[in-house]
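The values are calculated or read from the model by the stated rules, or taken from the named source; none is laboratory data. A quick note: this is a predicted structure, and the numbers were derived from the prediction, not measured. Neighbour counts are summed over all protein chains in view; Cβ atoms, including those assigned to glycine, are modelled from backbone coordinates with ideal geometry. Protein only, heavy atoms only, side chains kept; ligands, DNA and RNA dropped before computing areas. Shrake-Rupley method; radii C 1.70, N 1.55, O 1.52, S 1.80 Å.
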Amino acid sequence: FVATWGFALLSLRRHAAILIATAVALALVVGLTLALVPELGADGAAAATAVAEVALAAIYGFVLMRSHPELRVSLGIVPRVLLAGALAGLVVVAGLPALVSLAAAMAVYVVALILLRAVPAELSDAMARFRNPTA
């Protein structure tokens, strides 16, 4: 989300929002790193980084969807995406070799998204145009 929403904000020329969000995430990661690393070492640094990335994504998403309501994500799709992710996760925990597990999980996720009708209309339309460019 960080990259996608960051580029969206950049294309909308929301430079100040990007700067403020990045500064908040930087302050968060520095503070959490200083607090967690002495006690937890590398695990603390990883946790600080993960929290800062989630915070940055949340701020980007908030700014983007507040300033452009037409870009708001429908919350009705969330359970379907989570279900598809859970099904793919079951493949990962099956104990298959890593490469096989990755390929199978990706396939299960994509098929589940299609069957659960969790594919965005924009993507379906683009794929239809790709398959039939003259239409």
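Of the listed values (i) 61; (ii) 41; (iii) 31, grab the one calculated as percent of Cα pairs over 22 Å apart from the structure here.
(i)
Can you tell me the dipole magnitude for the chain around its Cα centre, using point charges on the Cβ only (Lys, Arg +1; Asp, Glu -1), in Debye to the nearest 20?
Dipole magnitude for the chain comes out near 500 debye.
Write down the accessible area per residue of the chain in Å², having rolled a 1.4 Å probe over the full set of protein chains.
With the other protein chains kept in place, the chain gives 70 Å² per residue.
Points 7 angstrom from Cα along the Cβ direction at THR49 and ALA126: gap in nanometres?
2.8 nm
Computing the accessible area with a 1.4 Å probe over protein heavy atoms, can you report the carbon and sulfur percentage for the chain?
Carbon-and-sulfur percentage of accessible area, whole number: 74.
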